[in-house]
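Every read-out reported here was derived from the displayed coordinates using simple, explicitly stated rules and does not represent laboratory data. Just so it is clear, the structure is predicted and the values come from calculations on it, not from any experiment. Note: ideal-geometry Cβ built from the backbone for every residue, glycine included; neighbour counts use all protein chains shown.
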Amino acid sequence: MKKKILGITMAMVLGLSLVACGSEGGGSSSGGSGTTADGGGSSTVANKDKPLVWFNRQPSNSSTGELDKAALSYNKDTYYVGFDANQGAELQGTMVKDYIEKNIDKIDRNGDGVIGYVLAIGDIGHNDSIARTRGVRKALGTGIDKDGDINSEPVGTNVDGKASAVKDGTMEIGGKKYVVRELASQEMKNSAGATWDAATAGNAIGTWSSSFGKEIDVVVSNNDGMGMSMFNAWSKDNKVPTFGYDANNDAVAAIAEGYGGTISQHADVQAYLTLRVLRNALDGVDIDTGIGTADDAGNVLTKEVYTYKEDERSYYALNVAVTAENYQDFTDSTKVYEPVSKQLDKGKSASRKVWLNIYNSSDNFLSSTYQPLLQKYDDLLNLEVDYIGGDGQTESNITNRLGNPGQYDAFAINMVKTDNAASYTALLNQ
Ligand code: BGC
């Protein structure tokens, strides 16, 4: 369609459009962040005016989910990059529901007419995690309303179906009625405070299965790190379908061995956007360059893979379900997204220094999928990135290593707790 034509004529047209874009972009962002293009020498720009991108953990109130607009618009070159949590959550819920419907003849393992599932919750104060819990409860009919939305609290154990945070759902399949019950759910937080903790999930399934294993027909997890831990500890051997989120390599490979499915949050697009918004601000070009508008190397994204919400200053990648039907297309989660895989010209986009942190260096998704992608894109975008790995527990473990922001041209931040944006901006304000 339109894309193709663009592609063919791109080489010719881009030269022209970029001349146009350059002047326009410079105007719209009043010269971008303005780190003077002096070949990487020391910059005269105040730290508070340097480009800043929040990623993976959106500045927001961890109890109410309300966005922290002050942090999201810290300066004119501040953005958030994540993915569409609600669209993804709905996909995850639907994926689980579809699986149950298609496999109804074998899913109810003890034949009691109750389809029991357990749910691993990542972080009760993280809006991605909250959305996924709600998406699953909504699709399976186990959610109850709380303040106008589905309650996302963990239930602990609920083998008798009496918990107050969920209700029993019903599904009618092939003329027969089944009860759907959330037998147990828990935030997977270890004793040191790290959330989304895979080892904790592995232990939880051990405890749950030893007391009511026969009733567990489906295992659902807010992410693949915890999902795979439960799969390896119990559900693989017991042939209980297990569902996660992230499409990490090991989880996608496990689909061949009975892992039920996962969701790709298009980390290949998110990692690109994370660095691309910084690149554009540093170059003083229009923020849409190489995103919705092709750059002169030909990098461009289509609206099928992301959305941008101006009032939230946020880019959201779109999610795709990965199941037995299509997993062969997702076997390498660290592969750059082809439409944005072209090297930028060093003459126009000179090397710049970026400080970037990963809140928890042992988070499966961030360390095995997101960071390897960032490391590929940083080369393509001529960014020299210092990667700082946190312990997943304390903000100070990370902020202590932002001691000299003056050495960097831009910042990419992955907070431990979504309420804590000010611990970072305070350092940039100094
Ligand atoms: C991922 C999780 C990860 C979390 C970290 C989520 O988007 O799905 O796997 O643990 O981000 O913040």
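Quick notes on this one:
- Residue of 228, 95, 171 that the Gaussian network model of the chain assigns the largest fluctuation, springs spanning Cα pairs under 10 Å: 171
- Spatial separation of Cα centroids for region 133-150 and region 76-111, in angstrom: 13 Å
- Evaluated on region 221-346, the Kirkwood hydrodynamic radius is 16.0 Å, with distances taken between all distinct Cα atoms.
- Separation between Cα centres of region 275-305 and region 160-201, rounded to whole Å: 41 Å
- Entries in 335/417; 214/236; 106/162; 50/76; 106/214; 106/177 that, when Cα-Cα distance is taken, lie over 18 Å: 335/417; 106/162
- Size of charge dipole - region 104-240 - debye, nearest 20, with Cβ of Lys, Arg +1 and Asp, Glu -1, no other charges: 280 debye
- Its alpha carbons give region 51-151 an Rg and a Dmax of 17.4, 59 Å.
- Of 182, 384, 101, the one that fluctuates the most in a GNM where the chain has Cα springs shorter than 10 Å: 101
- Region 308-364 versus region 376-401: alpha-carbon centroid distance in Å: 15 Å
- Aspartates and glutamates with Cα under 13 Å of residue 376, excluding same-chain neighbours fewer than 8 positions away: 268, 338, 384
- GNM result for the chain, Cα springs below 10 Å: residue of 198, 321, 70 fluctuating most strongly: 70
- Using alpha carbons only: equivalent-ellipsoid semi-axes of the chain, gyration tensor based, whole Å: 42, 23, 18
- Reciprocal mean inverse distance between Cα atoms of region 104-240 - Kirkwood radius, Å: 14.9 Å
- Among the chymotrypsin sites (Phe, Trp or Tyr not before Pro) in region 209-267, none is located in a DSSP loop while being surrounded by at most 13 other Cβ atoms within 10 Å of its own Cβ.
- Sorting 327, 80 from the fewest to the most surrounding beta carbons within 10 angstrom yields 327, 80.
- Anisotropy class of region 362-428 from Cα gyration tensor, a/c 1.5 cut: oblate
- Take the Kirkwood radius over Cα pairs of region 316-430, plug it into Stokes-Einstein at 25 °C and 0.890 mPa s, and you get 153 µm²/s for translational diffusion.
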